[in-house]
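Okay, so here's the structure we're looking at.
Throughout, read-outs are computed from the coordinates displayed, never taken from laboratory work. Owing to the predicted nature of the structure, the values given are computational and were not obtained by experimental measurement. Counting neighbours? That spans all protein chains shown, and the Cβs are built from the backbone with ideal geometry, glycine included.
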Amino acid sequence: SQKIEQNSEALNIQEGKTATLTCNYTNYSPAYLQWYRQDPGRGPVFLLLIRENEKEKRKERLKVTFDTTLKQSLFHITASQPADSATYLCAPGPGGATNKLIFGTGTLLAVQP
Amino acid sequence: DAGVIQSPRHEVTEMGQEVTLRCKPISGHNSLFWYRQTMMRGLELLIYFNNNVPIDDSGMPEDRFSAKMPNASFSTLKIQPSEPRDSAVYFCASRETSGANVLTFGAGSRLTVL
């Protein structure tokens, strides 16, 4: 069955450092992969989408890589700030013949001032 | 645009009671998704609709759960009878069928079944 794995343990880093979050998937051949941010008490918010033919995508301090051979995506936040503290979810998609979007369990990032 | 609107934001009920959660998607979005989020299982897809038609309900836990979309601007998720293990945050999300497969989520409905 399709499986999406993200670091279940919280990632604690110092302000100003680069945060790197990992998303691994199995039994999947997604055409693209999305990353979302979720703050406590709120719904997930879309951040970035990277397609299978793109190796890297950037948006301001965010960078996403997509390695279809390793079946892995890395999500980087450079010059991290306490305001970046949140849970980050990855979602490879679409899954199978339908267009449903399945999410990983998310990684909690805590940026210490 | 007000975004995806969910109600109620919080619901506390007793085991055995019927619960109805409501969602108004973004106007012009053709697809609507219902997810459930818990600490143990993360964000689980329950059901999704395209053009008001249920496409995939394989994530609906059991017959106690049902979802409807009578028109393009309204959907309900009903649990009858509710059980304590149904306690979770239920999210509704909508998506434009054309373009990228990006979801816009509502703020969620936090359900507590005592």
(request) Could you check segment A:35-98 for strands (runs of 3 or more DSSP E) lying wholly inside it with 1 or more residues that are within 11 Å of chain B (Cβ to nearest Cβ) and crowded, with 16+ Cβ neighbours inside 10 Å? (result) A:45-51, A:86-93
(message) Here is a check on your reading of the model: is residue A:17 out of contact with any Cys (no Cβ under 6 Å at 6 or more places or on another chain) and either under 30 Å from residue B:55 (Cβ atoms) or assigned to a strand (DSSP E or B) (or both)?
(response) no
(request) For residues that are under 19 Å from residue B:42 (Cβ atoms) and in contact with an Asp or Glu (Cβ under 8 Å, 6 or more places away or on another chain), scanning just segment B:66-111, find the one that is farthest from the other protein chains (Cβ to nearest Cβ). (result) B:111
